[in-house]
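J.: One structure, pasted below without further comment.
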Amino acid sequence: MSELSSSNSSDGSESQSINDYDDSVEIKSYATSFDLLTSESRPDLRNTKYKSSTDHLNCPICQQPFMEPLTTICGHTFCKECIYECLKMAKSNQQSSGSDSLSGYCPLDRTPIDSANINDLFPTPLLISNLIDDLKVYCLNHERGCEWDGSRWELERHVLIDCGFTGVKCGGVRYENKNAVCQLLIERRFADENHGCSHQVFQCNFCNQELTKMTESDHLENECLFNYQTCELCSNDMIPLKNLSKHQENCSKIGMVKCPAHEIGCKWVGSNETSLEIHQQGNNCQLSHFLPYYHKINDKVDSLTEENRFLQKQINKILDSIVQGKITNLGYNESIEEINKFKTIEDQDKLLYLNFEIDRLKFEFNEKIMPFINKHTMNEQETVINNLTHDNFMMKEDLNLQRVLINSLRKQLQFLLFSRNSARTGAFGTGGMVGSMGAAPNVLLMDDVANELLEASSRSSSEERLNLKL
Amino acid sequence: MAGGRHPFYKRLLKEYKSLSTNSLSGITMVKNDENLTEFIFRIEVTNHTLYKKEDLFHLSIIITSEYPVDSPRVQFVIFDEIVIDDDDKDSKGSENKDTVVVPNGVPKIPIHPHVYSNGHICLNLLGEDWTPACSIESVLLSIQSMLNTNDKNERPPDDAAYVKRAPLNPKSTTFIYHDDTV
C-alpha cells in the first residue's frame, strides 16, 4: 500500500492520508499584509510602502501621502480621515453641545473650520488626487513575497483580486466531514480551484516526506534529496535540485562551455573556446544564426505585452471612474447601466472593444472605401449625361420664365391696343378677348387676335411697334 | 496597544528617524522603546545662569493611542542614565551607536514657574493648543526655549498644593494657562 502511494501522491492512499490534514501550517501575517476575511473587507492603504520619497504630497497629520484629500479655506490640505479625527477630538475636548457638524480649528494655523460649510472645507482639486494616485507603491503583501509594484490606484484591485499572497479562506471540503468547509487562512496562490482543502497532506513524489501544498515548493527546492535533475553540462542526472546550481557552477569552472544559442535549444556542450568557435562556424549551428532575430522578436513581444498591460489597467481605471460617475458615457450607445451589466471585467472589455471596432470600421469605410467605389462606377458618359440633363433642366426653367414674361407683356400690349382700338373704332367683336389668359388655347386665340391687332396697328403707326419692342 | 502597532506608526517611524540623528543642539535621545511610543530625552540649556551644567534634565514623552490628534504625555522625570540595559554595548549606559558621552551630574527637575516639582509642565501646547501639526520635535524645542528664556528661579505659586493632589498623568489635569510672560 505504502509503495503505491509514494509513487502517485496526488490521489492519496485510500487508507490513511486522505483524511490527514496539517493545520499547523499558518499563514505568515505581517503588519501590512492583507487577508480577505469577508467579502467586504478592504485593505488599509495607510500602510503602503512607497517606491520613492513623497515630500510635498504628505498630509501634515499622518505624514503619509494624502488619502481623499480635503482643503481648508486657509489653503491647507489634509486627508479626510485625519482632519475629521482632529475636529472630533477638538469637539470632545471642548465638550460643546453644539450642532451635529464638526467644527474646530485648522491644525496648522488655527483658522476656524466648520465641516458643514463647503467654503471652509472642500475637496482638493482632482489634479492633486490624480498625482498622488499615480505614485508608485509596492504590494501590501510584499513581506510575504509578492513582487508586484504599480500605481497606488491599482493597489486596491491588485490586493483584492489579483495578488497571490493575499490571505483567503481555504474553502476546501474535507472528506472526514462532508459539510465542513475549511476556514483556515492560506495565501491565494495555494488555493485549489477544485475546492479541495489545501491543508491535505500528501507524500512527496520522490521521497517519503509528508507535504502540504504550502510546504511543497519549499521542500522540492531546498530539502528534497531525491528530485533528480540533469546537469546540462556534464549529463549527470542524479543531482537533486537543491544542489543543482552549485554543481553547475563547478561544472562551468571546470570549463564546460555552452553554445550561446542554448536558450533556443542548441544542446551542444564543449570543453573550450576553440571547439565553440568550430561549432559556430559554417553551418554547424543553425540556431546561432537565428539567435539575433529571436532576441529582436522577444524584445518586441515584451514591449507589446508591457503596453498591453498598461492599457488594460488604464481601461480598468476608466471603467471604475465611469461606475463611480466621474466620467459620463464616453459616447457609446449603451447607457452606463448597460455597460456595467456585465459582471466580469473580460466581458466589459470585449463589449467596449467591439463597439470601438464597429465605430472604427464605419469611419474607415466612409472615409476610404466609399469614394473608391464611387470613383469606379462613374464613367465619363454618365457624367456627360448628368451634365446635360442638368443643363436641360436649367434651360427649361429659363424657358418657362421667358414664357411667363412674354405672356405678361402680351397682356399689356393687348390692353393698350384694345383701349386704343376701342377709342378709335368704338366696338370690337370678340368680347372674350380680355377674358382669361394664360391657358394654352386662349393664348392661341389671343395670338390670332394679337396678330390682327398688330397688323392693324402696324398699318397705323410703326412707331408704336417700335415702342412695344415686339 | 498590546501586540498591534500604533495606527500612525509610519509617522512615529519618521519622527524617530529624524530624532535619532540628534541634530537638535542640546537635545539628546536617551531611551526609546520598541513600539516607538515611549521616549526619554535629555535637555541641556547652555550658557544659562539658572541652569548649570551639573544639572541634568530628563523629559519623558509617552505617545498615546490618539496621537497625533491628541497631545503626548510629557513630564520631567528623574532618570538615571547609568543603568545596564540588555542591549547596551558599553557599560556607560548610552543607547546610541555613536558614542554619546553621558555627562556627570545630578538628575533634577528644573526650577521654572511653569514646572511643578513632580515634573508636570503647564504648557498650552501640551493641552488646549495642541494640533496634529505639532510633533515631538516641536514639543522638545518649545520646552527647551521655555527653560532658556526663564529668569525666575522659583516654582509655580501653587506647587505644594498641586503636588499633594495631583494625578500621576499630567493629561488628567486641566491647567489654566494665564501667564504669557514666560
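The values are calculated or read from the model by the stated rules, or taken from the named source; none is laboratory data. Computed from a predicted model, the values in this text were never measured in an experiment. Note: ideal-geometry Cβ built from the backbone for every residue, glycine included; neighbour counts use all protein chains shown. When the accessible area is computed, the model is the full protein with side chains, heavy atoms only, and any ligands, DNA or RNA have been set aside. Shrake-Rupley method; radii C 1.70, N 1.55, O 1.52, S 1.80 Å.
J.: Regarding A:Lys296, is this residue closer than 30 Å to A:Lys258 by Cβ and either open to solvent by 70 Å² or more (accessible area, probe 1.4 Å) or modelled with pLDDT of 70 or more (or both)? Step through it out loud before you land on a result.
T.: Values: closer than 30 Å to A:Lys258 by Cβ: yes; either open to solvent by 70 Å² or more (accessible area, probe 1.4 Å) or modelled with pLDDT of 70 or more (or both): yes.
Judged against the criteria, A:Lys296 is a match.
J.: Which members of the stretch A:206-234 meet the condition of being of a type in the set (Ser, Thr, Tyr), open to solvent by 90 Å² or more (accessible area, probe 1.4 Å) and within 30 Å of A:His289 (Cβ to Cβ)? Break it down stepwise before answering.
T.: At the first step, the residues of the stretch A:206-234 found to be of a type in the set (Ser, Thr, Tyr) are A:212, A:215, A:217, A:228, A:230.
From the residues that got through so far, the ones that are open to solvent by 90 Å² or more (accessible area, probe 1.4 Å) too are A:228.
Passing the criteria: none in range.
J.: Further, regarding this structure: Which residues, taken from the stretch A:101-114, are more than 14 Å from every other protein chain (Cβ to nearest Cβ) and crowded, with 16+ Cβ neighbours inside 10 Å? Spell out how you get there, then give the answer.
T.: Applying the first criterion (more than 14 Å from every other protein chain (Cβ to nearest Cβ)) to the stretch A:101-114 yields A:101, A:103, A:114.
Once the filter is applied, which keeps residues that are more than 14 Å from every other protein chain (Cβ to nearest Cβ) and crowded, with 16+ Cβ neighbours inside 10 Å, the stretch A:101-114 yields A:Ser103, A:Asp114.
J.: Every residue in the stretch A:356-385 that is closer than 29 Å to A:Ile315 by Cβ and among the charged types (D, E, K, R), please.
T.: A:Glu357, A:Asp359, A:Arg360, A:Lys362, A:Glu364, A:Glu367, A:Lys368
J.: Considering only the stretch A:246-264, state which residues are modelled with pLDDT of 80 or more and surrounded by fewer than 11 Cβ atoms within 10 Å (Cβ to Cβ).
T.: The answer is A:Lys246, and nothing else.
J.: Considering only residues of the stretch B:112-134 that are crowded, with 20+ Cβ neighbours inside 10 Å and within 13 Å of another protein chain (Cβ to nearest Cβ), which is farthest from B:Pro68 (Cα to Cα)?
T.: B:Leu126
J.: To continue, here is another question. State whether one or more residues within the stretch B:140-161 are of a type in the set (Asp, Glu), within 14 Å of chain A (Cβ to nearest Cβ), touching a residue at least 24 places away in the same chain (Cβ under 8 Å) and farther than 14 Å from B:Phe57 by Cα. I'd like the intermediate steps shown before the answer.
T.: Within the stretch B:140-161, the first condition is being of a type in the set (Asp, Glu), and the residues that meet it are B:151, B:154, B:158-159.
Filter once more, so that each one left must be within 14 Å of chain A (Cβ to nearest Cβ): none.
The answer is no; no qualifying residue exists.
J.: May I pose another question? Limited to the stretch A:69-93, what total is found for residues that are in contact with a Pro (Cβ under 8 Å, 6 or more places away or on another chain) and more than 10 Å from every other protein chain (Cβ to nearest Cβ)?
T.: The qualifying residues number 6.
J.: Quick check on my filter: what residues within the stretch A:377-400 are over 60 Å from the mean Cα position of the chain (by Cα) and open to solvent by less than 100 Å² (accessible area, probe 1.4 Å)? If you could, list the steps in order and put the result at the bottom.
T.: Step one: filter the stretch A:377-400 for residues over 60 Å from the mean Cα position of the chain (by Cα), giving A:398-400.
If the condition is that a residue be over 60 Å from the mean Cα position of the chain (by Cα) and open to solvent by less than 100 Å² (accessible area, probe 1.4 Å), then A:Asp398, A:Asn400 are the ones that fit.
J.: For the stretch B:67-80, which residues satisfy the criterion of being surrounded by 15 or more Cβ atoms within 10 Å (Cβ to Cβ) and assigned to a loop (DSSP other than H, G, I, E, B)?
T.: Matches in the stretch B:67-80: B:Tyr67, B:Pro68, B:Val69, B:Asp70, B:Ser71, B:Pro72, B:Phe79.
J.: For the stretch B:96-155, which residues satisfy the criterion of being hydroxyl-bearing (Ser, Thr, Tyr) and under 16 Å from B:Thr46 (Cα atoms)? Show your work before the answer.
T.: Going through the stretch B:96-155, the residues hydroxyl-bearing (Ser, Thr, Tyr) turn out to be B:99, B:116-117, B:131, B:135, B:138, B:142, B:145, B:149.
Selection gives B:Ser142, B:Ser145, B:Thr149.
J.: Can you name the condition, by its number, that A:Asp23 falls short on among (1) over 30 Å from A:Cys182 (Cα atoms); (2) open to solvent by less than 80 Å² (accessible area, probe 1.4 Å); (3) touching a residue at least 24 places away in the same chain (Cβ under 8 Å); (4) out of contact with any helix residue (DSSP H, G or I) (no Cβ under 7 Å at 6 or more places or on another chain)?
T.: With respect to (1) over 30 Å from A:Cys182 (Cα atoms); (2) open to solvent by less than 80 Å² (accessible area, probe 1.4 Å); (3) touching a residue at least 24 places away in the same chain (Cβ under 8 Å); (4) out of contact with any helix residue (DSSP H, G or I) (no Cβ under 7 Å at 6 or more places or on another chain), A:Asp23 is out only on (1).
J.: Quick one: count up the residues across the stretch A:45-62 that are touching a residue at least 24 places away in the same chain (Cβ under 8 Å), of a type outside the set (Gly, Ala, Ser) and assigned to a loop (DSSP other than H, G, I, E, B). Break it down stepwise before answering.
T.: Keep residues of the stretch A:45-62 that are touching a residue at least 24 places away in the same chain (Cβ under 8 Å), which gives A:45, A:47-52, A:54, A:57, A:60-61.
Right, trim to of a type outside the set (Gly, Ala, Ser) and you get A:45, A:47-51, A:54, A:57, A:60-61.
This time we only want the ones that are assigned to a loop (DSSP other than H, G, I, E, B), so: A:48-49, A:51, A:54, A:57, A:60-61.
The qualifying residues number 7.
Okay, residues lined up against (1) in a loop (DSSP other than H, G, I, E, B); (2) under 30 Å from A:Tyr84 (Cβ atoms); (3) under 15 Å from the mean Cα position of the chain (by Cα):
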| site | (1), (2), (3) |
| --- | --- |
| B:Pro110 | yes, no, yes |
| B:Thr131 | yes, yes, no |
| B:Glu137 | no, yes, yes |
| B:Asn150 | yes, no, no |
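J.: What do you reckon, is A:Leu225 of a type in the set (A, V, I, L, M, F, W, C) and either assigned to a helix (DSSP H, G or I) or under 30 Å from A:Tyr353 (Cα atoms) (or both)? Walk me through how you get there before you give the answer.
T.: Numbers: of a type in the set (A, V, I, L, M, F, W, C): yes; either assigned to a helix (DSSP H, G or I) or under 30 Å from A:Tyr353 (Cα atoms) (or both): no.
No; evaluated as a whole, the condition is false for this residue.
J.: Among the residues of the stretch A:111-140, count how many are among the hydrophobic types (A, V, I, L, M, F, W, C) and in contact with a strand residue (DSSP E or B) (Cβ under 9 Å, 6 or more places away or on another chain). Break it down into steps so the answer makes sense when it comes.
T.: Narrowing the stretch A:111-140 to residues among the hydrophobic types (A, V, I, L, M, F, W, C): A:113, A:116, A:118, A:121-122, A:126-128, A:131-132, A:135, A:137, A:139-140.
So of that shortlist, the ones also in contact with a strand residue (DSSP E or B) (Cβ under 9 Å, 6 or more places away or on another chain) come out as A:113, A:116, A:121-122, A:128, A:132, A:135, A:137, A:139.
Number of matching residues: 9.
J.: Follow-up question, since we're still on this one. Of all residues in the stretch A:43-68 being of a type in the set (Lys, Arg) and within 10 Å of chain B (Cβ to nearest Cβ), which is surrounded by the most Cβ atoms within 10 Å (Cβ to Cβ)? Spell out the reasoning first.
T.: Taking the stretch A:43-68 first, the residues of a type in the set (Lys, Arg) are A:46, A:49, A:51.
Keeping just the survivors that are within 10 Å of chain B (Cβ to nearest Cβ) gives A:46, A:49.
Details: A:Arg46: 17, A:Lys49: 13.
Of everything passing the filter in the stretch A:43-68, A:Arg46 is surrounded by the most Cβ atoms within 10 Å (Cβ to Cβ).
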